[in-house]
Each structure stands twice: as C-alpha cells, then as structure tokens.
1. So, in the range 174-204, how many residues would count as being over 22 Å from Asn77 (Cα atoms), within 13 Å of the ligand (Cβ to nearest atom) and assigned to a strand (DSSP E or B)?
2. For the range 5-49, how many residues are within 15 Å of the ligand (Cβ to nearest atom) and over 19 Å from the mean Cα position of the chain (by Cα)?
3. If I go through the range 128-147 residue by residue, how many of them are outside any loop (DSSP other than H, G, I, E, B), open to solvent by 10 Å² or more (accessible area, probe 1.4 Å) and not acidic (Asp, Glu)?
4. Name the residues in the range 189-220 that are under 24 Å from Ile25 (Cα atoms), touching a helix residue (DSSP H, G or I) at 6+ places or on another chain (Cβ under 7 Å) and not small (Gly, Ala, Ser), would you?
5. Name the one entry in Lys88, Lys118, Lys64 that is at negative phi, over 20 Å from the mean Cα position of the chain (by Cα) and open to solvent by 60 Å² or more (accessible area, probe 1.4 Å).
6. Could you list, ordered by first residue, the pairs with Cβ atoms under 6 Å in which the first is in the range 1-19 and more than 19 Å from Asp198 (Cα to Cα) and the second is of a type outside the set (A, V, I, L, M, F, W, C), at least 6 apart or interchain?
7. Could you please find all residues in the range 25-37 being assigned to a helix (DSSP H, G or I), among the hydrophobic types (A, V, I, L, M, F, W, C) and surrounded by 12 or more Cβ atoms within 10 Å (Cβ to Cβ)?
Amino acid sequence: MDILEAIRHRQSIRAFEKKEVSKDIIDQILLNASFAPSGGNTQPWKIYVLSPEKMKILEQSVLKQLDEGNTEKTDFNIYPPDMPNRFKDHIKACGLLMYDALAIKKDDFEGRLNQLKKNFSFFEAPVGMIVTVDKLADVNGWGHVGHFLQNICLASLSFGLGTCLQESWSMYPQTVKECVDFSDDEILWCGIALGYPDLANPINKYRTSRKSITDLAKYL
Ligand SMILES: Cc1cc2nc3c(=O)[nH]c(=O)nc-3n(C[C@H](O)[C@H](O)[C@H](O)COP(=O)(O)O)c2cc1C
C-alpha cells in the first residue's frame, strides 16, 4: 500500500473478525513501528502485547472498578478540565457520528455506557496492547511516542489489519499497572486494539471529518 493511501485509509476500527493475528505479524508491525523518529533517538516508549488470558483479567478488573463506581487518579488530563469550544465541537461531532452509526440515541445513557465498556474488551480484538511513556519524557517526548503509535497504525494496514488507539485505559492507571506490571519509570498512555477489521459492522462504516487546510495551516 502506497504511503499516502495508507495515511488516508487509516481509520479507527472498533469491531474485528474472529481471526487470530500471528506473532510473526505482530513482531513485524512492532519492528517497523520502532523506526519512528524521536528527539535524540530517545525512543521513550514501551509496548506490552497481552495474552488472551491477560486481556480477560484486565477487562474484568477494569469493569469491576467501573461497575462499582470507583475512579482512579489519572496521570494526565485526557481532555482539558475546562474544555474550550474548539475541542468540544470536534469531540461532540465524532461522538455523534459513532452513536448515529450504532443507532444509540442522545439520551440513551446506558447505550453510551455499554459502548464505553467495549473499550475494555479491546472491542473484542484478538490482540490488545498497552503503551507506556517514560516518566522522564516531557510534553515533547509524548509527541515522539505519537510517531510510534501512528507507525503501528500504518504498519498494521499493510498486513490488512485495523487498529483503535484507546486512551480510555488511562482512566484506570493503577488497575492497568497491577495487571501489566510495568515499571515505576513508566506512565500508561493508551491501549491499542489490533485485528482484522469487520468492515460490515456499522461502527466501522463512518469516517470522521478533518479541518480544512486553510483552518490548520498558514502560509507566511
Ligand atoms: C491517543 C488516542 C486515544 C484514543 N482513545 C480512544 C478511546 O479510548 N476509545 C475510542 O473509541 N477511540 C479512541 N481514539 C480514536 C479517536 O476517537 C479517533 O482517532 C478520532 O475520532 C478520529 O477518527 P479516525 O481515527 O477514525 O480517523 C483515540 C485516538 C487517539 C489518537
């Protein structure tokens, strides 16, 4: 797949075929993704590929917290505490697209909660991964990890695979740390669901919009 085609073709995939992904393919995706650039080549990322058993334990542990109404102190603000309209509008628009695709109504809080919960089974993907950032990396270092994440998404496409990056895991950093057992030098950033996309599922059938070039770029 041509690079521009891959960039344009990538979309978040939230339903997967029941088909395993071989370890060899996962290795190839991660090897290729590791060629992402980072300042001083610090490579401040780590990735944990979970076994199906670990995925189940993680799902049960997080859902237990969620169902019992327990919250955890997050390591970073997933969204700004005072959300400006320039963020709100986009978040609302992409939420609406997803709920419309699933025919979940605005006031159907249970339907929305159930969709949120699907994050914690990695949307039933065959592969679930957890990505951490080195604690000493500052905001610029987090940006470098973004290159690694995007490489994973794009490399996956060349094997016919789809991905969904999932910040929802960072709502429960302590529970994830207990299960994944990453070191105290790392901060949980996100999860990644990986698998063969179920393209017939309505949740994979819509596309999100983008700002126009005139909105995002200024030629001086
Ligand atoms: C770091 C990061 C975290 C995300 N976390 C979630 C998540 O927890 N759950 C989810 O359904 N989508 C998540 N997304 C997907 C975004 O909603 C999605 O990328 C955005 O709406 C644009 O749509 P597209 O990926 O289909 O182009 C995340 C994306 C990124 C980059």
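The values are calculated or read from the model by the stated rules, or taken from the named source; none is laboratory data. On a predicted model such as this, the values are computed, not experimentally measured, just so you know. FYI the Cβ positions are ideal-geometry reconstructions off the backbone, even for glycines, and counts take in every protein chain you see. Calculation scope for accessible area: heavy atoms of the full protein, side chains included, ligands and nucleic acids excluded. Shrake-Rupley method; radii C 1.70, N 1.55, O 1.52, S 1.80 Å.
1. Going through the range 174-204 one residue at a time, the tally reaches 1.
2. 1
3. Qualifying residue count for the region: 7.
4. If the condition is that a residue be under 24 Å from Ile25 (Cα atoms), touching a helix residue (DSSP H, G or I) at 6+ places or on another chain (Cβ under 7 Å) and not small (Gly, Ala, Ser), then Trp189, Cys190, Ile192, Leu194, Pro197, Asp198 are the ones that fit.
5. Matching residue, one of Lys88, Lys118, Lys64: Lys64.
6. Sorted first by the residue in the range 1-19, then by its partner, the pairs are Met1/Ser158.
7. Correct list: Ile25, Ile26, Ile29, Leu30, Ala33.
Listed here are the residues, each with its yes/no results for (1) at pLDDT below 95; (2) in contact with a strand residue (DSSP E or B) (Cβ under 7 Å, 6 or more places away or on another chain); (3) among the basic types (Lys, Arg); (4) within 12 Å of the ligand (Cβ to nearest atom).
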{"residue": "Glu53", "(1), (2), (3), (4)": "no, no, no, no"}
{"residue": "Lys64", "(1), (2), (3), (4)": "no, no, yes, no"}
{"residue": "Asp89", "(1), (2), (3), (4)": "yes, no, no, no"}
{"residue": "Lys92", "(1), (2), (3), (4)": "yes, no, yes, yes"}
{"residue": "Lys117", "(1), (2), (3), (4)": "no, no, yes, yes"}
{"residue": "Val127", "(1), (2), (3), (4)": "no, yes, no, no"}
{"residue": "Ile152", "(1), (2), (3), (4)": "no, yes, no, yes"}
